[in-house]
1. For n ≥ 4 DSSP H runs only, could you compute -39500 (n - 2.57) per run for the chain, divide by its residues and tell me the 222 nm figure to the nearest 500?
2. Mind sorting out which of (i) 14.5, 41; (ii) 15.1, 43; (iii) 19.4, 65 is the real Rg and Dmax of the Cα atoms in Å computed from the coordinates?
3. Can you list the trypsin sites (Lys or Arg not before Pro) in region 20-80 that are in a DSSP coil and have 13 or fewer other beta carbons within 10 angstrom?
4. With a ≥ b ≥ c taken as the square roots of the eigenvalues of the C-alpha gyration tensor of region 77-160, please select rounded if a/c is under 1.5 and otherwise prolate if a/b is larger than b/c or oblate if it is not?
5. In whole percent, what relative contact order does the chain give with Cα contacts below 8 Å and a gap of six or more residues?
6. Among the complete DSSP H segments of the chain, which ones combine at least 30 Å of alpha-carbon extent along their axis with a mean Kyte-Doolittle hydropathy of 1.6 or more?
7. What pairs from 34/116; 34/113; 5/119; 34/111; 11/116 go past 31 Å between their alpha carbons?
8. At residue 40 and residue 54, where each label point lies 7 Å from the Cα along Cα→Cβ, what is the point-to-point distance in nanometres?
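Each reported figure results from applying straightforward, stated rules to the coordinates on display, with no laboratory input. Just so you know, these numbers come straight off a predicted model, no measurement behind them. A quick note on method: Cβ atoms are made from the backbone with ideal geometry, for glycine too, and the neighbour counts reach across all protein chains shown.
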Amino acid sequence: MIDFKTIDNFKPGLIQSILKNSYARLIDCFPNDKERFYKQWELEDKDAFNNPQTIGKYLFFACLKDLPIGYCSWDDRQNPIGIIGQNCIIPKYQRQGYGREQIELIIKIFKDKKFKEIKVITGEHEFFIPAQRIYEKCGFKERQKINGDLFNLIELYKLI
């Protein structure tokens, strides 16, 4: 059974490690941008662990026993619209329903806080097809496509 744990249970570097592992196949498609991704993920990690009462408060780690297998974040500063940030599961544990459990928990968080809508942006690249399917299974609908610098993006939304 999966458990969701907060940032105060872990040490800095975990977010970056999960992102590197989860997005390794995507990085293989864009090797010239590897360092850019790594720097961005390092910054995400530092921001969250250095600010556990603000940024770090809006994320959780999916764990099997005590092993972190995924990471998910959200932003509730645009109430009544909630925003899903990162949502990833490391490859060894993908396709087992854990990513969907993460999204269902975030939906519950936003419902409990009486939000009206949730939105998420994902890639249109083939790497993101499993994520697109998870969002669709959780009731999200496509709102628009957005031009991106490496690949196009898709904005999805769910009314709650």
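1. Here the helix-only value at 222 nm equals -10500 deg cm²/dmol.
2. (ii)
3. Numbers: sites: 20, 25, 34, 36, 39, 46, 57, 65, 77; in loops: 65, 77.
Sites meeting the loop and neighbour criteria: 65, 77.
4. Oblate shape, in that a/c is at least 1.5 and b/c is the bigger or equal ratio.
5. Values: 245 pairs, mean separation 29.9, N = 160.
About 19 percent, as a whole number.
6. For the chain, where a helix must reach 30 Å along its axis and average at least 1.6, there are no hits.
7. Those over the limit are 34/116; 34/113; 34/111; 11/116.
8. Using points 7 Å along Cα→Cβ, the separation is 2.2 nm.
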